[in-house]
Amino acid sequence: MKHPFHLKAVWNGGRNSEGTIDAGGLKTVISIPQEMGGPGTGTNPDEMLLGAAATCYLITLAAMLERSDITPDELTLESEATVDVTNNIFTYERIVHRPRIVLPPDAPESDLSKAEKLAHKAEASCMISRAVAGNVTMETRPVIVTTGADAV
C-alpha cells in the first residue's frame, strides 16, 4: 500500500524573500535562515529536515516501547543538526537525537536495558533516517532513568 503526501509552495521574490508551504497539517512561512544570510522568517529546510527526523524517530520509539510493554512516565527528545558551509556549499552533516525515557520507579532493570536498546533501534527503523542514510550521520544518545532518579 502506498500513501501519497502533497505539498503546495509559493515563493514571493528572490533569494532573500519568503514563501509559504501547505502540506495539510503543516502550514507555515519559509525563508533562508538568518545564520545563512536570509531574512530568517518562518522556518527553513534545515529546521524542517531536523523536525522530520526528530518526529519520525520519536513516534517510532514510542511505538517500539509500546509493543515491548514498556510504558514510560515521560518520553522527551532533544535533537540537534549540524550543517557545514564550505566554499558556499551547504552540507547537512549530522543529526543527534537525545531521547530521555523516564520509567516508573519500580521498573525492572530489564526494562531499562530494553528501553536503551530500543532507543538505538528506533533510529534504524525510522523511515526518515533510512531516507537520509549514507548522506547524513545519525547518532542517538539516550538517557534512561526511573521516576525520581537524576540523570547523569
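Among (i) 55, 28, 24; (ii) 51, 35, 27; (iii) 58, 38, 30, which one is Cα extents along the principal axes in Å computed from these coordinates?
It is the one labelled (iii).
Run through the range 1-104 and list the chymotrypsin sites (Phe, Trp or Tyr not before Pro) located in a DSSP loop whose Cβ has at most 15 other Cβ atoms within 10 Å.
Those satisfying the criteria are Phe5.
Rounded to the nearest whole Å², what accessible area per residue is found for the chain with the 1.4 Å probe?
With the other protein chains kept in place, the chain gives 64 Å² per residue.
If you line up the long axis of helix 45-67 against the longest principal axis of the chain, both from Cα atoms, how many degrees apart are they, to the nearest 10?
20 degrees
Could you check how much of the accessible area of the range 21-137 is carbon and sulfur, as a whole percent, using a 1.4 Å probe?
Carbon-and-sulfur percentage of accessible area, whole number: 53.
What are the residues whose amide H is under 5 Å from the amide H of Val83, where those residues sit 5 or more places off or on another chain and H is modelled from the backbone?
Placed amide hydrogens put Glu93 under 5 Å from Val83.
Express in whole angstrom the spacing between the alpha-carbon centres of the range 99-152 and the range 44-72.
10 Å
For n ≥ 4 DSSP H runs only, could you compute -39500 (n - 2.57) per run for the chain, divide by its residues and tell me the 222 nm figure to the nearest 500?
Counting only the DSSP helices, I get -10000 deg cm²/dmol.
Counting trypsin sites (Lys or Arg not before Pro) as exposed when in a DSSP loop with at most 10 other beta carbons within 10 Å, what is the longest stretch of the chain free of them?
Result, exposed sites excluded: 16-152.
Report the antiparallel proportion of the DSSP beta bridges in the chain as a percent, rounded to a multiple of 5.
Of the beta bridges lying entirely in the chain, close to 70 percent run antiparallel.
In debye, nearest 20, what is the charge dipole magnitude of the chain about its Cα centre with +1 on Lys and Arg Cβ and -1 on Asp and Glu Cβ, if you could check?
Dipole size: approximately 660 debye.
Quote the relative contact order of the range 56-152 in percent (integer), defining contacts as alpha-carbon pairs under 8 Å separated by 6+ residues.
34 percent
Hey, which lysines would be in cross-link range of Lys8, C-alpha to C-alpha under 16 Å, not counting anything within fewer than 8 residues on its own chain?
Lys27
Could you check what % of the DSSP bridge pairs in the range 1-43 are antiparallel, to the nearest 5?
90 percent
The values are calculated or read from the model by the stated rules, or taken from the named source; none is laboratory data. Because the structure is a prediction, the values reported are computed rather than measured. In this analysis, Cβ positions are derived from the backbone assuming ideal geometry, glycine residues included, and neighbour counts consider all displayed protein chains. In case anyone asks, the SASA skips ligands and DNA or RNA and just uses the protein heavy atoms, side chains included. Shrake-Rupley method; radii C 1.70, N 1.55, O 1.52, S 1.80 Å.
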